[in-house]
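Enquirer: Take this structure, written in structure tokens, and hold onto it; I'll ask about it next.
The values are calculated or read from the model by the stated rules, or taken from the named source; none is laboratory data. None of the values given here were measured: they were computed from a predicted structure. Positions of Cβ are generated from backbone atoms using ideal geometry, with glycine treated the same way; all protein chains shown enter the neighbour counts.
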Amino acid sequence: MKLLNRRLVRRLEGQNLLEIFFVTAVASVLGIRFFLALTGYPRLSPGNLHIAHVLLGGALMMLALVITLGYINKSAYYLAATIGGFGFGAFIDELGKFITGDNNYFYQPTVALIYITFILLYFGIEIVVRRPLLSDQERLINALEIAKEVVLEDLDHRERRRALDLLKECSPSDPVTRALRELLYATDSVPVPRPDIYTTVKIHGRRLYRRLVQRAWFVKAVIAFFLLQSFFALALDFFLLYAKLRWRANLHTIFPTLSVSDLAGLASATVAAIIVIVGVMKIRSSKLQAYRLFKDAVLVQIFLVQVFLFYRAQLLALLGLAGNICVLLVLYYMIRQEKAAQGVCAQTHQSLASVGTAPSR
């Protein structure tokens with residue numbers, strides 16, 4: 001492990017690159033599924049051959065690897081992250097063919113398994129990104145990476161400022177630190193380039209998000225949707241329990257299509273609903289604690305309930321996932337607002353206490 005830590009050095013741009021890889025992989029799966037459904041699932045089969053799009057995925061991932069190994073500038077890494085994401089999406093979309101004996105692309109659990117794969121990928125990215133702060137060596141190497149833009153005459157003032165901030169936290173007696181600082185100060189920076197399409201969409205999305213969450217009606221509507229979704233699971237639980245006790249019949253005679261995955265999904269939704277009820281009970285005493293419980297309930301919905309929904313109904317699950325992500329974003333905003341409000345109140349109380357204990361003249 002010690003040798004592994006020496007060999008692997010974290011990149012400051014790693015969060016953006018991994019995020020682009022993840023987003024493009026998800027977009028690739030959704031785009032391929034939508035295109036195939038729209039065109040009636042055509043097959044590229046010249047002669048006796050069948051050319052599956054998993055081959056395209058492999059070619060794109062190979063191209064991304066070649067770009068990463070062959071080029072060292074920042075634009076190459078972003079291009080590789082994009083191409084690699086599309087390639088991985090095309091590869092994982094054909095998962096059903098490789099886990100079934102009859103190469104069944106339409107194998108029902110496939111979409112749920114793809115969803116689980118992306119959940120694990122998301123957690124893996126979070127583990128890489130959320131690790132402790134960069135070490136002095138990693139700061140110095142990342143500042144050196146940014147300084148490469150000097151040679152390419154593509155160093156803008158934001159990049160230079162970021163590199164200088166990294167060097168501030170490095171040892172000032174290090175000769176490499178001094179040399180890099182002199183190089184960065186002696187070089188003229190170019191104007192900040194226009195953001196790419198992905199960054200532009202992300203900026204506009206954040207602006208729209210801020211505008212919406214500041215409107216009381218939007219927040220109330222999202223929370224109402226979330227509460228209704230949770231209480232619906234409890235209502236269904238009570239109905240099934242009543243049917244079982246009242247009619248003393250097997251549930252499969254009442255609901256012939258009821259499967260084990262449906263019951264597992266309902267059990268997961270029940271757990272989320274119970275967390276919501278606890279949050280509702282806590283909301284008068286502590287809004288922050290209640291919002292955090294609501295957030296936990298949404299995470300249960302996303303990471304458990306949605307798996308079984310994708311197994312059962314793909315389109316419905318996609319709409320439900322979009323709604324849960326919307327609820328989660330609003331809850332994150334409400335948690336930040338409540339933390340800020342509590343911080344202001346704490347500072348106010350501290351100021352009043354200091355005034356009250358100040359000696360009179």
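Enquirer: Within segment 34-53, how many residues are of a type in the set (Val, Ile, Thr) and farther than 15 Å from Lys97 by Cβ?
Expert: 1
Enquirer: Residues to consider are Tyr115, Tyr107; find the one that is surrounded by 15 or more Cβ atoms within 10 Å (Cβ to Cβ) and not in a helix (DSSP H, G or I).
Expert: None of the others qualify; the one that does is Tyr107.
Enquirer: Is at least one residue of segment 317-340 closer than 20 Å to Val222 by Cα, in the same structural domain as Ser230 (by TED's automatic domain parsing), of a type in the set (Lys, Arg) and out of contact with any helix residue (DSSP H, G or I) (no Cβ under 7 Å at 6 or more places or on another chain)?
Expert: yes
Enquirer: Follow-up question, since we're still on this one. Criterion first (farther than 30 Å from Leu155 by Cα and modelled with pLDDT of 90 or more) does Ala37 satisfy it?
Expert: Answer is no for this residue.
Enquirer: Moving on to the next point. Which of the numbered conditions does Arg43 fail, given that it passes all the others? Conditions: (1) within 24 Å of the chain's Cα centre (by Cα); (2) among the charged types (D, E, K, R); (3) farther than 24 Å from Gly124 by Cα.
Expert: Condition not satisfied by Arg43: (1).
Enquirer: I'd like to know if segment 79-86 contains one or more residues that are in contact with a strand residue (DSSP E or B) (Cβ under 7 Å, 6 or more places away or on another chain) and among the hydrophobic types (A, V, I, L, M, F, W, C).
Expert: no
Enquirer: State all residues of segment 172-196 that are in a loop (DSSP other than H, G, I, E, B) and either surrounded by fewer than 13 Cβ atoms within 10 Å (Cβ to Cβ) or on the phi > 0 side of the Ramachandran plot (or both); if no residue qualifies, say none.
Expert: Passing the criteria: Pro172, Ser173, Asp188, Pro191, Val192, Pro193, Arg194, Pro195.
Enquirer: What single numbered condition from (1) touching a Phe, Trp or Tyr at 6+ places or on another chain (Cβ under 9 Å); (2) polar (S, T, N, Q); (3) modelled with pLDDT under 85 fails to hold for Asn48?
Expert: (1)
Enquirer: Report yes if some residue within segment 56-75 is assigned to a loop (DSSP other than H, G, I, E, B), under 24 Å from the mean Cα position of the chain (by Cα) and touching a residue at least 24 places away in the same chain (Cβ under 8 Å); otherwise report no.
Expert: No.
Here's the yes/no breakdown for (1) free of Cβ contacts under 8 Å to residues at least 40 places away in the same chain; (2) small (Gly, Ala, Ser); (3) surrounded by 15 or more Cβ atoms within 10 Å (Cβ to Cβ); (4) not assigned by TED's automatic domain parsing to the domain that holds Glu94:
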site	(1), (2), (3), (4)
Leu17	no, no, yes, no
Phe35	yes, no, no, no
Gly40	yes, yes, no, no
Pro46	yes, no, no, no
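Enquirer: I'm told Gly96 meets every condition in (1) of a type outside the set (A, V, I, L, M, F, W, C); (2) in a helix (DSSP H, G or I); (3) modelled with pLDDT of 80 or more; (4) more than 27 Å from His50 (Cα to Cα) except one. Can you identify the failing condition by its number?
Expert: Only one criterion in (1) of a type outside the set (A, V, I, L, M, F, W, C); (2) in a helix (DSSP H, G or I); (3) modelled with pLDDT of 80 or more; (4) more than 27 Å from His50 (Cα to Cα) is unmet by Gly96, namely (4).
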